[in-house]
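Participant: My questions will all concern the structure given below.
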Protein chains: 6
Amino acid sequence: MDALVARKNKRAFNQLRRLRVTYNIFDFADGSLLFECGRTKIMCAVTLQNGVTQFMRGEKSEWITAEYAMLPAATRPRTVRDAHGPRANQRNIEISRLIGRALRAVCDLSALGDYTITVDCDVLQADAGTRTASISAASVALTLAQAVWLKKGIITKPILKEKIAAVSIGYMQDTLILDPDYSEDSVMDADVNFILTESKELIEVQGGAERNQFSWKALQGMYDLACQGVEEIFTFFERTEKADF
Amino acid sequence: MDALVARKNKRAFNQLRRLRVTYNIFDFADGSLLFECGRTKIMCAVTLQNGVTQFMRGEKSEWITAEYAMLPAATRPRTVRDAHGPRANQRNIEISRLIGRALRAVCDLSALGDYTITVDCDVLQADAGTRTASISAASVALTLAQAVWLKKGIITKPILKEKIAAVSIGYMQDTLILDPDYSEDSVMDADVNFILTESKELIEVQGGAERNQFSWKALQGMYDLACQGVEEIFTFFERTEKADF
Amino acid sequence: MDALVARKNKRAFNQLRRLRVTYNIFDFADGSLLFECGRTKIMCAVTLQNGVTQFMRGEKSEWITAEYAMLPAATRPRTVRDAHGPRANQRNIEISRLIGRALRAVCDLSALGDYTITVDCDVLQADAGTRTASISAASVALTLAQAVWLKKGIITKPILKEKIAAVSIGYMQDTLILDPDYSEDSVMDADVNFILTESKELIEVQGGAERNQFSWKALQGMYDLACQGVEEIFTFFERTEKADF
Amino acid sequence: MDALVARKNKRAFNQLRRLRVTYNIFDFADGSLLFECGRTKIMCAVTLQNGVTQFMRGEKSEWITAEYAMLPAATRPRTVRDAHGPRANQRNIEISRLIGRALRAVCDLSALGDYTITVDCDVLQADAGTRTASISAASVALTLAQAVWLKKGIITKPILKEKIAAVSIGYMQDTLILDPDYSEDSVMDADVNFILTESKELIEVQGGAERNQFSWKALQGMYDLACQGVEEIFTFFERTEKADF
Amino acid sequence: MDALVARKNKRAFNQLRRLRVTYNIFDFADGSLLFECGRTKIMCAVTLQNGVTQFMRGEKSEWITAEYAMLPAATRPRTVRDAHGPRANQRNIEISRLIGRALRAVCDLSALGDYTITVDCDVLQADAGTRTASISAASVALTLAQAVWLKKGIITKPILKEKIAAVSIGYMQDTLILDPDYSEDSVMDADVNFILTESKELIEVQGGAERNQFSWKALQGMYDLACQGVEEIFTFFERTEKADF
Amino acid sequence: MDALVARKNKRAFNQLRRLRVTYNIFDFADGSLLFECGRTKIMCAVTLQNGVTQFMRGEKSEWITAEYAMLPAATRPRTVRDAHGPRANQRNIEISRLIGRALRAVCDLSALGDYTITVDCDVLQADAGTRTASISAASVALTLAQAVWLKKGIITKPILKEKIAAVSIGYMQDTLILDPDYSEDSVMDADVNFILTESKELIEVQGGAERNQFSWKALQGMYDLACQGVEEIFTFFERTEKADF
């Protein structure tokens, strides 16, 4: 499979958009950052609540949950706020569940007491790839928060078993591209999100045909490209975290 | 990778649960069936509504949408109805979106006028695999409805470009099993749903680590097993449809 | 008052539609059945929940409640789901309250501990008479569940003091008909639902003028016809329950 | 059947509570009144809205609808407002539907243009019998509004075909009482509401066993008593309307 | 600044509309009244609830809260009920918060046990000034309720530290008017509500430019006029309370 | 009235917190900025929607509306999102209404076609003064958007008649302080928000006693201090806008 000969924005087919990060953007969160992947911008904040904070959850006490939402001006045209529409945005719910599931797969909460960890991913600007950027950001924000909790003695051992990062791969007419932006994403045949560990094992794979089905061989090519992408993201965060502290 | 030496219910690792189908269970739907996969039972109905039936959708007029829900007594303990809880069940929303997306990928609605096709998947009984059973059932119900619409002249050519079927594959300690039931599913390390065409191309792959990450090689094994599973489902429906008409 | 000389469907004025029943359709309920009265089909399931399961009820602990709803494809055109509309369906609420009230009138819950009994009546297909069919079905499902609870020692004496059955009587131009279907019901002057015990005493009478008022003498005729109808229903269930076990 | 020898409040078994009325309590309604039946007090207002005012009704244009609600301080303890609870009060919905149905049975709206008539019944104080008092009041308020609309030329002929009034009859241990107050109502075996025309024909009968079933003969006694009650209410309003204008 | 030479309703610029009051309109409230200011009519009721009565409040136990709402027929055209619209009326929420805040500023609840005081202000008729009339009425209703609670020993010392009254001042083209009615209010440049104590100290000032900004000097003039207005209201209630008891 | 001798954070009584601004933080909005006032941080975005975008508004077509909300991590403890609570946050509604009202008072929309202008104020971090900071930011964001619309020919003349800015003044024991932060605000006797034009005329004044009433003389002192505060804000934005372009 060949690359798109010319991505209109001059990126190579296997090139991520420019990454940027600003750490600790919320004074009141235990871990937070603004993660930018091209024009896609995610604010991620990790906080801790005592006991059962969610309405009528009735589940066991230690828990980690994620909430994904868009600021109204994150899109053109403006997105209607959840609280002003007739009910919660269904896409937000699906993505919130995906983020929460991915984090639960790599967390060992047994040493956490009667707390709920909430990971808020708020999209400041959406140019495709918001769900994968949210997951990459969440993993880092959780690492930051974990350091705070260890220091304060709220936990006595790390809860994050594996770091994760995620990328989206687009597929069109036998061509694959890493990390499509909205203009690219909207013409893809298929679009698959990979959530991977540092050793490239799978935490979640989720995606499908937007227009046309795709072969197993195509999925294999997507996986290989995703491995490159997450590698770069892991490296980026390692480098910036060192620089930041 | 080896099979589970002994599935407690005596099924082989690559054996589907017993399939059954009852066609046309709703007199008022254009296509409907009760699809049973072991103790999992799905009622699927396809109906046609004029124009924009969903509240404030504001989208283009021809559309296909899916709604997945559970009857309260489908589970033990009983499931609270959506309309009686504080807000719509988030799992139902995620699965409804998955079903709708899969169907849209294989439908060409350009010849459908200003109609909305609604595919209702109501779980009569849940013993794992309800989302994949819903998708397999939906594909068949849509075929039945399509025949009715062609006959009535509502459409002049088929809208379903490809038949699809779906299965879930469980993975635990290097062992794969096809179509886990609830007792099996609840102890899996990972669980992946495959939605495939008759030629085994991918419409959607969705799933992830419940407890532990898994390798690409494992996913490959899952895909191979899924191909076997959907093959059997396609054959089952072909055989029963013939018998039925 | 004379009968309709010729009901278009050849039924006599005092003839019920064909009754059918399938017991124990839900593996996870303590009592359940599919009750068909002509094309009207009700799935009824009785389950037991610990303690106060309803949101903010604040009432005494032992309780029996009913929930009536329609599957979307039960009607033509398709019915919008409660959870997808702006608020709960008002007709469903009224009928749920009627069923619950009728059951509470014939239950002695004093020997039931801190449990809520929920009776779910889900309309698989609606061709008029769904509320009365739900009540007849609920009485039987409760009897089945009661047998299970007695066996398991959850209760030590029956809770159902009286069996009940219900029928609808239509009235048009001085003519009465038992158990009208939708095509008949939609042209009636009045329509009264009778919920009766085996000794034909009244549990609830509810109904009224759809188009024109009616005399006390007409109501008397309706009661007489209702007595015949419920007699037949009681007999039907006795016979089938015997056959089933 | 004998009367209660001594109603604690000295009323005879067939005696209504003291009736009072204040006409035209709302300057902005076309017909309104405060109707008091003992300590039960209902404010009823009839207004006209252009076109389809209800959210997503999608029904034919001329329509009459009723809304019944309680002021928070109408009861002890205080009733939570609908808008402040998680969803609309179910009892209010049931009663609103009853009032609307009764009014529709006696209205001919064919001469009304594209208007919705709304009848608001707000309970200022609740001491049992609020639904029957609401119906009696609604019939009168509608008569008042009709006079206004005729005068303004909004309608060219009356829309109310029959006046109606309603009373509740309580039944306990073979004893009947007319118009029970809350202290009486709460100990009844059964309680039936009768909505009758001036000629004592039935518009709706609705009620049932609160504790024990009752015989047809008992219902007959209730009807006779209800006829007395509504007679008195019709007379009361005729007398006061004359006095008022 | 000069007065409006001729208010169309012949009131002087500094003249309140005619005040009327009916005490104790709710038998089930501890303090209540109907307060009329011209055609604006407010029913105010004060009740006491045990413990935390509001849904998920999670605040300290003793509390005073207010709820403001309109009866549907209070306005022309009719106001849609909160429970029948897609969400609570935003204006009602704003005014409820204002009333609650004003009362909390003058209450010392330290001697109140685990109770919530609820002040319901229901607008029977709206002709402008409903929020200020509600506050004046609430202060009096609370005084009445306080007397009851002292007598019953629910509290051992008064909770109301200061009586308050409120008026609205309209401003148009350098002219001020006290207590504008709707026809006046709707043409004002600005409109300010003053909530004052008997010594004319400020509890809350709230208001602003409807059409054009206004100077500090204008606000000063409004305050002076407001002092006259509340003086008259305090006097009115003193006089009528004496007359009433 | 004297200043607080020593504000714990070393600010003078009449000193604003440090102001910062970042313009154009949203690529998809017509005007936007991040406005920081000490630790209080507001993201403000102005967008234009065609026609009636709000659900069932039914008002005249040109309109300007504001929506104020908090990001969950803006506070400690974390704020529950609107869409996850039982209904919209009442404080957010009150503040959204205040911002919208203030903007409408200084806008002339007559030259705007069938558009809705939406001003989103999202609190990134809350340390008191979020509503006044939102208003100051909104005025600037609207100016930026207006320049874009003029350039694009969407409007042919400015719609903003006056620039506005807002500050909060705290009052405690005869001492006034400008722009209190949360630690100061939470111990105030009273707290008043002033929304002023460049010529110091009033657009809205809103505030009241948190603990104790206050005199007219105190309000006068607050106004004087507010004039200083908004002067400084107007100067700050003029300077930074020049620097930015």
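Any read-out appearing in this document is the output of simple, stated calculations on the displayed coordinates, not a laboratory observation. This one's a predicted model, so the numbers in the text were calculated from it and none came from an experiment. Because the Cβ atoms are built from the backbone with ideal geometry, glycine has one as well, and the counts that use them run over all protein chains shown.
Participant: Which of E:K41, E:K157, E:K217 ends up with the largest GNM mean-square fluctuation for chain E, with Cα atoms connected below 10 Å?
Facilitator: Result for chain E, Cα springs under 10 Å: E:K217 fluctuates most.
Participant: Give the share of C-alpha pairs in each 10 angstrom bin for segment E:161-230, from 0 to the last occupied bin, in whole percents, shortest bins first.
Facilitator: 23, 55, 20, 2
Participant: Alpha carbon centre of segment F:202-234 versus segment E:93-150: separation in Å?
Facilitator: Result: 25 Å between the Cα centres.
Participant: As a test of the formula, what do you get for chain C when each DSSP H run with n ≥ 4 contributes -39,500 (n - 2.57) and the sum is divided by the residue count, at 222 nm and rounded to the nearest 500 deg cm²/dmol?
Facilitator: Estimated from H runs of four or more residues: -10000 deg cm²/dmol.
Participant: Could I ask something else about it? For peptide B:196-209, how many partner chain Cβ atoms fall within 10 Å of a residue's Cβ, on average?
Facilitator: Mean inter-chain Cβ contacts per residue within 10 Å come to 6.
Participant: Another question, then. Taking Cα atoms of the protein assembly as shown, Rg/Rh with Kirkwood Rh, to two decimals?
Facilitator: A ratio of 0.97.
Participant: How high is the relative contact order of segment F:107-162? Use alpha-carbon pairs under 8 Å, at least six apart in sequence, and give a whole percent.
Facilitator: 57
Participant: Can I ask one more? Could you give the semi-axes, largest first, of the ellipsoid that matches segment C:94-139, computed as the square roots of 5 times the alpha carbon gyration tensor eigenvalues and rounded to whole Å?
Facilitator: 23, 10, 8
Participant: Would you mind ranking B:E241, D:E204, A:E94 so that the residue whose beta carbon has the fewest other beta carbons within 10 Å leads the list?
Facilitator: B:E241, A:E94, D:E204
Participant: Then there is this: If I model a spin label at E:R76 and C:R39 as a point 7 Å from the Cα along the Cα→Cβ vector, what separation in nanometres do I get?
Facilitator: Once both label points are built, they end up 5.0 nm from each other.
Participant: In segment C:105-166, which trypsin sites (Lys or Arg not before Pro) fall in coil by DSSP and have 16 or fewer other Cβ atoms within 10 Å?
Facilitator: C:K161
Participant: Give the relative contact order (percent, whole number) for segment B:135-177; include only Cα pairs under 8 Å separated by 6+ residues.
Facilitator: It comes to 41 percent, rounded to a whole number.
Participant: For segment F:144-199, what Kirkwood radius comes out of the mean inverse Cα-Cα distance, in Å?
Facilitator: 13.9
Participant: Another question, if that's okay. Given H placed 1.01 Å from N in the peptide plane, which residues other than close sequence neighbours of E:M70 have an amide H under 5 Å from its amide H?
Facilitator: E:V123
Participant: Anyone know which of F:G207, F:G221, F:G153 comes out most mobile in the 10 Å Cα GNM of chain F?
Facilitator: Checking each option, the largest mean-square fluctuation is seen for F:G153.
Participant: Moving to a separate point now. Could you give the C-alpha radius of gyration of segment A:119-173 expressed as a fraction of 2.2 N^0.38 Å, taking N as the number of residues it contains?
Facilitator: 1.46
Participant: Looking at chain E, how many pairs of lysines come closer than 23 Å at the Cα, when each pair is eight or more places apart or spans two chains?
Facilitator: The number of close lysine pairs in chain E is 19.
Participant: Shifting gears a bit: Tabulate in residue order the Karplus-calculated ³J(HN,Hα) for segment A:196-208, using 6.51 cos²θ - 1.76 cosθ + 1.60 with θ = phi - 60°, rounded to whole Hz; enter x for Gly and Pro.
Facilitator: 10, 8, 4, 8, 6, 7, 8, 9, 7, 10, 7, x, x
Participant: Another question, if that's okay. Rounded to the nearest 20 Debye, what is the dipole magnitude of the protein assembly as shown about its Cα centre when Lys and Arg each give +1 and Asp and Glu each give -1 at the C-beta?
Facilitator: Taking the Cα centre of the protein assembly as shown as origin, the dipole is about 0 debye.
Participant: Which residue, chosen from F:G221, F:I117, F:C107, occupies the Cα position most advanced towards the positive end of the dipole of chain F, where the dipole is computed from +1 (Lys, Arg) and -1 (Asp, Glu) charges on Cβ about the Cα centre?
Facilitator: Checking the options against the dipole of chain F, the answer is F:I117.
Participant: Continuing with the same structure: From other protein chains only, count the Cβ atoms within 10 Å of every residue's Cβ in F:22-33, then give the mean.
Facilitator: That average works out to 4.
Participant: What does the convex hull of the Cα atoms come to per residue for segment B:201-245, in Å³?
Facilitator: Here the figure is 96 Å³ per residue.
Participant: Further question on the same structure: In percent, what relative contact order does segment F:151-245 have, based on Cα pairs under 8 Å that are 6 or more apart in sequence?
Facilitator: After rounding, I find 27 percent.
Participant: As an exercise, find the ratio Rg/Rh for segment C:98-245 from alpha-carbon atoms, using the Kirkwood inverse-distance average for Rh.
Facilitator: Rg divided by Rh gives 1.02.
Participant: Given 10 °C and 1.306 mPa s, compute D for segment B:73-162 with the Stokes-Einstein relation, Rh being the Kirkwood radius over Cα pairs; round to the nearest whole µm²/s.
Facilitator: Translational diffusion coefficient: 107 µm²/s.
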